[in-house]
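Okay, so here's the structure we're looking at.
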Amino acid sequence: MATRKTAVITGSTSGIGLAIAQALAAEGHNVVVNSFSDTAADQAVADAIARQHKVKTAYIKADMSKPAECRALIAKAAETFGSVDILVNNAGIQHVAPVEDFPIEKWDAIIAINLSSAFHTIAAAIPLMKKAGGGRIVNIASAHGLVASPFKSAYVSAKHGIMGLTKTVALELAREKITCNAICPGYVLTPLVEAQIPDQMKANKMDRETVIREVMLDKQPTKEFVTVEQIAAAAVFLCSDAAAQVNGTHLSVDGGWTAA
Ligand code: NAD
């Protein structure tokens, strides 16, 4: 994967997805940026990556809760760049509620975006990767792909599911020079997580540092957030030639959370 390739990263206008898009562009790969919002700001993200890293980029709108749009994203990326060599399934949402009260529409949305979207993008990308003689698939799972937490039934189910999908795809494509692996981040300080801190401060009557230490990083032995750059570096490794024999497994980047 040393030469310039085309990478599609779902949900890549913010947080972990954006960092992965930037890191793959820094490696010289062309990048497809995706979200479902289709704003001028989304387009600006793709333009900025192109300018900064002197690669080609495209913003492609696709709602990852919709199977046809997941598949169309891959088709449009191939139409634009001629191939899809790297696929990073990153788009994800969260909802927290006891299982007996868990809203049905939230369950359906989380399973659709966090799990089924990867099935659809992978299915659409495989023929292109086979034709190109290889490829890399990286699924952004979570520590919650390995262990559970209460009140996150849909998220934990979807993330455990994507671990199974990762292994199955890896076995099916092992002879095609296509690898499929997962990254399992712990708590990452993305804009989404940052936005929760003021509410937690109010609810728990704690200052910012105490909320981070005792509420957010309770399970993370290092007591530090994982950074988006650390997740992006793991993705770059899994997409490299050095990782050609890393297949059907996961890389935990969780400060030791799942060692316990
Ligand atoms: P984020 O909210 O910053 O990013 C999520 C991205 O998904 C956004 O770009 C958003 O636009 C996109 N997205 C959401 N719904 C979409 C849809 N229907 N169609 C297309 N795109 C959609 O959050 P993040 O923390 O960067 O999360 C990225 C991934 O990392 C998710 O899969 C999440 O589960 C996983 N993860 C995050 C953490 C963490 O602590 N932040 C930990 C473990 C795993």
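The values are calculated or read from the model by the stated rules, or taken from the named source; none is laboratory data. Quick caveat: nothing in here was measured; it's all calculated off a predicted structure. All accessible areas refer to the heavy atoms of the entire protein, side chains included, with ligands and DNA or RNA removed. Shrake-Rupley method; radii C 1.70, N 1.55, O 1.52, S 1.80 Å.
A few notes on this one:
- Solvent-accessible area, 1.4 Å probe, carbon plus sulfur percent, for the range 108-260: 58
- Taking a ≥ b ≥ c as the square roots of the Cα gyration tensor eigenvalues, the range 123-260 comes out prolate, since a/c reaches at least 1.5 and a/b is larger than b/c.
- Our estimate of slack between D47 and I104, defined as 0.36 nm per intervening residue step minus the Cα-Cα distance, is 16.7 nm.
- Kirkwood-based shape ratio for the range 27-174, expressed as Rg/Rh from alpha carbons: 1.00
- Candidate aspartates and glutamates - alpha carbon under 16 Å from K205, same-chain residues fewer than 8 apart omitted: E214
- Per residue, in Å², the accessible surface of the chain once ligands and nucleic acids are set aside, probe 1.4 Å: 46
- Global geometry of the range 199-244, whether rounded, prolate or oblate, following the gyration tensor of its Cα atoms and the 1.5 cut on a/c: prolate
- The shape of the range 182-222 can be summarised by an equivalent ellipsoid whose semi-axes, obtained from the alpha carbon gyration tensor, come to 20, 12, 6 Å from longest to shortest.
- Exposure check, 1.4 Å probe, all protein chains in place: M206 carries approximately 50 Å² of accessible surface.
- Given K54/K159; K54/K76; K159/K219; K152/K202, the pairs whose alpha carbons are separated by over 24 Å: K54/K159
- Grouping the Cα pair distances of the chain into 5 Å bins from zero gives a pair-distance distribution of 1, 7, 13, 18, 20, 17, 12, 7, 4, 1, 0, 0 percent in increasing distance order.
- Helix-only arithmetic for the chain: the sum of -39500 (n - 2.57) across DSSP H runs with n ≥ 4, divided by the residue total, places the mean residue ellipticity at 222 nm at -13000 deg cm²/dmol.
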